[in-house]
1. Shape call for segment 136-258 from the C-alpha gyration tensor, a ≥ b ≥ c root eigenvalues: rounded (a/c under 1.5), prolate (a/b greater than b/c) or oblate?
2. Kirkwood-based Rg over Rh for segment 43-110 (C-alpha set), two decimals?
3. GluC sites (Glu not before Pro), restricted to segment 67-172: which are DSSP loop and have at most 13 other Cβ atoms within 10 Å?
4. Which loop chymotrypsin sites (Phe, Trp or Tyr not before Pro) in segment 1-110, with loop taken from DSSP, have no more than 15 other Cβ atoms within 10 angstrom of their Cβ?
5. Within segment 196-257, list the chymotrypsin sites (Phe, Trp or Tyr not before Pro) lying in a DSSP loop whose Cβ has at most 13 other Cβ atoms in a 10 Å radius.
6. Output the 0 to 90 degree angle, nearest 10, between the alpha-carbon long axis of helix 130-144 and the longest principal axis computed from the alpha carbons of the chain.
7. List the lysines whose alpha-carbon lies under 29 Å from that of K40, not counting same-chain residues fewer than 8 positions away?
8. Per Stokes-Einstein, at 37 °C and 0.692 mPa s, what whole-number D in µm² s⁻¹ belongs to segment 256-296, with the Kirkwood radius over Cα pairs as the hydrodynamic radius?
Amino acid sequence: MRSIIDIKELSVEEIDELVAVGKDIIANPAAYAHKCEGKKLATLFFEPSTRTRLSFEAAMYELGGHVLTMADAQSSSASKGESVADTAKVISCYADIIAMRHPKEGAPMVAAMNASIPVINAGDGGHNHPTQTLADLLTISREKGRFDHMTVGFCGDLRFGRTVHSLISAMSRYPGVRFLLISPEELKVPSYVKQEIKAHALSYQQTTDLVSAMPELDILYMTRVQKERFFNEEDYLRLKDSYILTPEKLASAKPDLCIMHPLPRVNEISVAVDDDPRACYFKQVLNGKYMRMALILKLLGIR
Ligand code: NCD
């Protein structure tokens, strides 16, 4: 039995395999419609979510399985003081697999250590978000046809953005990837994430300037400033509109740039960019569902 808490737990070969399954689901959805018959997914979300929870649930339904949902932490036993470990043991009696989101870093790992069924980390605090990364990787594969030899720009809240940490970690394993880390001083990538880039002998540059980085980018990954992780409102208000992508700022971008965003968008990308053929953020949403289907099948041992 295996859980997925961190994207690095999946080897490069396994990522290729999951991406291939994701593409096969897109090509032959009917072949997957009954694969999870009789199986139940429990979604335990202790933090707000729209797309990730519904994406997991849609994924399980499209596999012919069932869903047990705990969407509101206020109405759960956690509000009575139940530990994550106990919750995981209890849910193991009801479901076959768990997708868990939690505001505390490491909570899904604690759940995995105590559950007798696979646990998928659906986002833990400002740490990791491996299934968003799977969505991002399928998007990159479909748009670019490769994961190597490209310049990837991450822009916005690189300190608290868990989707950024997981995608950097995944992309660090491919040769010739260069990272341009564009953020305000206060919201730079944590050093443990930079260590991963260095460990693979890849290069990165940190800058505050999106416009001068633009011409070099093959991928631009915009992110929201993570309001819920700030200790004071003032800092958030000062930093929230640091970067707003507009058609004007894209003037110097490559014609085949891939513009990504894990969503929800607040103000980081002007809606005027949505009609640009390089905008890929709504494609990421759909790709996320296919990759969650592929991951559920893998963890349940269904071919
Ligand atoms: C992201 C998250 O929850 O970390 N959303 C998502 O799952 N697509 C990004 C965010 O909230 O900014």
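Every read-out reported here was derived from the displayed coordinates using simple, explicitly stated rules and does not represent laboratory data. Because the structure is predicted, anything quoted here is derived from the model rather than measured. All Cβ positions, glycine included, derive from the backbone under ideal geometry; neighbour counts span all protein chains shown.
1. Values: a/c = 1.87, a/b = 1.27, b/c = 1.47.
In terms of gyration-tensor shape, oblate.
2. On the way: Rg = 11.8 Å, Rh = 12.5 Å.
Across segment 43-110, the Cα-based Rg/Rh ratio is 0.95.
3. Hits after loop and neighbour filter: E82, E105.
4. Taking segment 1-110 and a limit of 15 other Cβ atoms within 10 Å, the loop chymotrypsin sites (Phe, Trp or Tyr not before Pro) found are Y94.
5. Here the sparse-neighbourhood loop sites are F231.
6. For 130-144 against the chain, the angle is about 50 degrees.
7. Cross-link targets: K8, K23, K80, K89, K104, K283, K289, K298.
8. Values: Rh = 11.2 Å.
The Stokes-Einstein estimate is 292 µm²/s.
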